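The values are calculated or read from the model by the stated rules, or taken from the named source; none is laboratory data. Given the structure is predicted, the values throughout are model-derived calculations rather than measurements. Cβ sites come from the backbone with ideal geometry, for glycine too, and all protein chains shown count toward neighbours.
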Amino acid sequence: MKQFTSKRSIQILAHMLKEYGIHNVVISPGSRNAPLAIHFSETDDFNCYSIVDERSAAFAGLGMAKSEKKPVAITCTSGSAAANYYPAVTEAFYQNIPLLILTADRPADYVDLFDGQTIRQQHLFQQHSYGDFQLLEDDAEGADDTNFNLAKKAIELCLEKCGPVHINIPLAEPLYELLSELPMYPAVEKTIQKKKYEIPSTLVAEWNLAKRIMILTGTRDHSKDLDMQLQQLVKNHSAVVLTEVNSNLNHPKFFSHTDRYITSFTEEDFRTYAPDLLITVGQNVVSKRVKQFLRKAAPKQHWHIDPHWQPDTYFALTEKIEVSAEAFFGRLLNFIALEPRTYFNLWDVLRDKKDEKHLEYCRRSSFSDFKLFEILSYKIPENWHVHFSNSSAIRYAQLFDFQKYHVHCNRGTSGIDGSTSTAMGYAMKNPEPTLLITGELSFFYDINGLWNQYIPPYTRIIVFNNGGGDIFRIIPGPASTNALDEFILTKHQRNAELMAKNFGFGYTRVDDEETLIRVLDNFFKPDSKPKILEVDTSAVENAEILKDYFRHLD
């Protein structure tokens, strides 16, 4: 016999989630949120996932939302459990991933009385959420109508803003009173409105008058429509399109390896290759070099296209276009002249020169982190979805041809803390295989990302272990300090073998190029359990190899 909570606030909330098609719920164990856990797990409309560590659970929910492109609810008990959601909430906020955060709480008048597991939970995520709501307890006057309206507003805000929204739920004891039948609740009249976009004639005129048009795409999901639209713009060399590995755009005439091309730019080059019209699409750009280039280039016009964010990243923003890139370019292409511009040829000559130097270096480079990423760029099967951890992993990926894969990276806040959990959450809802490529510090830091029973057997993880946070040997500054080894890059001698065994993953370790190439084909073959491949490059001067690469490009 089914058992449902007697708490009407939770019954109403569950009804609203069902009405809006939100079916995935990540539950972390606890007592105060037991009514939510009981109700969701007993209701046929929800897919429930139990993940103990709240920090990991929130990132897993984020990964699930990325995979299915629809909101995921996460729920936990009160106190520090709720605070542990915060890293994933900030990532979801800056990446516009729809998370519905359901935190159970003590009654409001228990706050600051030193009652167990009680903190100031209301508005806990206010700085990094699109809305903060607190339901009324069942015995409050008008509670049902108020909670119905609050839940509706919160869910619609989560859908409209495509980002995190917090619902705090005070629950008085008893917590375990149950029902076998639920009352009927009314259907919901949805009030989300879609925006229509008409392009201003002034923008069409600016495009047609511009001689040097650059389109820079940052972090975004794959879009077949945008890919085709931008292909039309480069077909006749009308614009230069710069992409990054996590832009998920792919065409031979796109400039996909920006750091290769601009790393040795002089002050004169900044002027030579500068656009007069810069159009930026999507969110966070990985390349620090391209940010420095465009800030110095100071384009006359800069349009930014994104429904949610219009940051003045390059200190030149002239037009905020609050619409999807597909809607904007779909309208723009109806009005502009697709005339060739010599600006494209200028960049094309630069690309040919730098790509040849890149290939020269690859032919002579030895086993290292650099060589690993070169090999992976052609050894990963084409239908795989690839997640890169932050720090050096995503930066190495920028240098090679990963454009044929669906690429993901937590570039909202660019932290290493939830890369594994996000990738595992994504894998749990993705019918195609998922691969995580991660540095060992990011992997060790988020090891609880493997602590759940839902990771499919076709999931793969490649850990490149260089014995510490090698990024700090690459970027300028840390190497000049006495604190480098112990306190900045955190030198160590750990490996992932026992961790893999503990979580039921297959495990292979390699420390040379020949063995790596030999084992990769088998590594990607189907198996009864997920696998970890650890590539040990700790004996290699990886930072010097990468610095030498950029010197070779000069």
field: Those residues of region 128-171 which are of a type in the set (D, E, K, R) and within 23 Å of the chain's Cα centre (by Cα), in sequence order
entry: D132, E156, E160, K161
statement: If we take region 137-251, then strands (runs of 3 or more DSSP E) inside it with 2 or more residues that are over 30 Å from T342 (Cβ atoms) are 165-170
message: I'd like the full set of residues that are under 18 Å from A151 (Cβ atoms) and out of contact with any Lys or Arg (no Cβ under 9 Å at 6 or more places or on another chain), limited to region 38-57.
response: F40
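Residues are listed down the side, and each one gets a yes or a no for (1) modelled with pLDDT of 95 or more; (2) within 20 Å of K224 (Cβ to Cβ):
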{"site": "F344", "(1), (2)": "yes, no"}
{"site": "W384", "(1), (2)": "yes, yes"}
{"site": "F388", "(1), (2)": "yes, no"}
{"site": "S414", "(1), (2)": "no, no"}
- request: Evaluate the following for V89: is it in contact with a Pro (Cβ under 7 Å, 6 or more places away or on another chain), assigned by TED's automatic domain parsing to the domain that holds H123 and not in a helix (DSSP H, G or I)?
  value: no
task: Output yes when any residue across region 180-197 is at pLDDT below 95 and of a type in the set (F, W, Y), and no when none is.
output: yes
task: Among residues belonging to region 1-51 that are outside any helix (DSSP H, G or I), touching a helix residue (DSSP H, G or I) at 6+ places or on another chain (Cβ under 9 Å) and among the aliphatic types (A, V, I, L, M), point out the one that is surrounded by the fewest Cβ atoms within 10 Å (Cβ to Cβ).
output: I22
statement: If we keep only residues of region 266-281 that are under 30 Å from the mean Cα position of the chain (by Cα) and not β-branched (V, I, T), then the residue nearest to L553 (Cα to Cα) is A274
- request: Just give me the residues in region 102-126 being among the hydroxyl-bearing types (S, T, Y) and either in contact with an Asp or Glu (Cβ under 6 Å, 6 or more places away or on another chain) or more than 20 Å from A140 (Cα to Cα) (or both), in sequence order.
  value: T118
- line: Here the residues within region 297-306 that are assigned to a loop (DSSP other than H, G, I, E, B) and modelled with pLDDT under 95 are A298
